[in-house]
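Reviewing the structure listed below.
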Amino acid sequence: MAETLFDMSATGRPRILILGGTTEARQLADRLAADSRYDAVISLAGRTADPRPQPLPTRIGGFGGAEGLATFLTAEKISLLIDATHPFAARISRNAVTAAEASGTPILALRRSAWKAEAGDRWTRVESVPEAAAAVGEEPRRVFLAIGRQEAFHFERAPQHSYVLRSVDPVTPPLELPNVTPILASGPFAEADEMKLLRDHEIDVVVAKNSGGSATYGKIAAARTLGLDVVMVERHEPADVTAVSTCDEALERIHQWLSPLKDRGV
């Protein structure tokens, strides 16, 4: 069962549930924490061992799929569900859309814009991490894996390469690969630092997810400058939901949608 760390008592204000875990979610939480018009809480999946404290009352843990989330939205009288999860948290986003429909709860997605290839970029676009593992090629290469830890196991099928794997938490169980250098770190990462990392480890190819935003873009810019190949895993997002890309846009939507409720005392 999910751990609940906030008081669910009624406040007479429109209730907002943020599905968080991203920089954008925290920025929005900061803004809503200072806005007395709304009763906002944030939910974290609990996948990070030591998450940063949040400015809003915080719930940690899963809901039990779309059905469990729908039940939660109804029981807690949530006025608006905001999906501000990672752009590659596809299952959570799908569950959010399904739960919103089932419970009749309005939903808004806060998604940072995807990166776009620029002149000098040497991208190979793929649709999944398994495709990325194949796209690195058959000849041994030195690979910088910047895809997180949960799907890194797909590269066990390509043991001929040497890997530098960066993640926030350790990969468990450890990858069954002969040559892996783990780096534990969390962004933001400056371009100059990424340039040094790629050079120091003599990287040939960068494997990344198209997460968008500025916090982890440094490796993409550094790869461009160094003329390195990038295998880019493209994102898949639910199309049937209203989406914005900035905190300001999200706040504008929130005010548009929820101010009438507050005015009516709903």
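The values are calculated or read from the model by the stated rules, or taken from the named source; none is laboratory data. Because the structure is a prediction, the values reported are computed rather than measured. Note that we place each Cβ from the backbone using ideal geometry, even for glycine, and neighbour counts take in every protein chain shown. Accessible surface areas use protein heavy atoms only, side chains included; no ligands, DNA or RNA. Shrake-Rupley method; radii C 1.70, N 1.55, O 1.52, S 1.80 Å.
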Using only Cα atoms, find the angle between the long axis of helix 90-103 and the longest principal axis of the chain, and express it within 0 to 90 degrees, rounded to the nearest 10. 20
Rounded to the nearest 0.05, FRET efficiency between ASN179 and ILE60 (Cβ-Cβ, R0 30 Å) equals 0.25
Would you work out if the stretch 120-220 is rounded, prolate or oblate? Take a ≥ b ≥ c from the square roots of the eigenvalues of the alpha-carbon gyration tensor; rounded if a/c is under 1.5, else prolate when a/b is larger than b/c, oblate otherwise. rounded
Rounded to the nearest 5, the percent of antiparallel DSSP beta bridges in the chain equals 5
Phi-derived 3J(HN,Hα) across the stretch 231-244 with the Karplus relation (6.51, -1.76, 1.60, θ = phi - 60°), rounded Hz, x for Gly and Pro, is 9, 10, 7, 7, 8, 10, 10, x, 8, 9, 8, 5, 10, 10
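Given a 1.4 angstrom probe, what's the average accessible area per residue across the chain, in square angstrom? Each step should come with its number before you reach the end.
Details: 13170 Å² over 266 residues.
Roughly 50 Å² per residue, with all protein chains present.
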How tilted is helix 191-200 with respect to the longest principal axis of the chain? Cα atoms for both, answer in degrees (0 to 90, nearest 10). 40
Once the Cα atoms of helix 23-33 and of the chain are each reduced to a long axis, what angle between those two axes, in degrees from 0 to 90 to the nearest 10, is obtained? 20
At 1.4 Å probe size, with no ligands or nucleic acids counted, give the accessible surface of LEU110 in Å², nearest ten. 0
Two decimals is fine: what's Rg over Rh for the chain, C-alpha atoms, Kirkwood radius as Rh? 1.02
In whole angstrom, note down how far apart the Cα centers of the stretch 207-224 and the stretch 72-134 are. 18
Within the chain, helix-based [θ] at 222 nm, where runs of 4 or more DSSP H residues each add -39,500 (n - 2.57), nearest 500: -9000 deg cm²/dmol
Which percent of the accessible area of the stretch 136-266 is formed by carbon and sulfur heavy atoms (probe 1.4 angstrom)? 50
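Count the net charge of all other residues whose Cβ sits under 9 Å from the Cβ of GLY218, scoring Lys and Arg as +1 and Asp and Glu as -1. Please list the in-between numbers first.
Numbers: positive: LYS219; negative: GLU191, ASP193, GLU194.
In short, -2.
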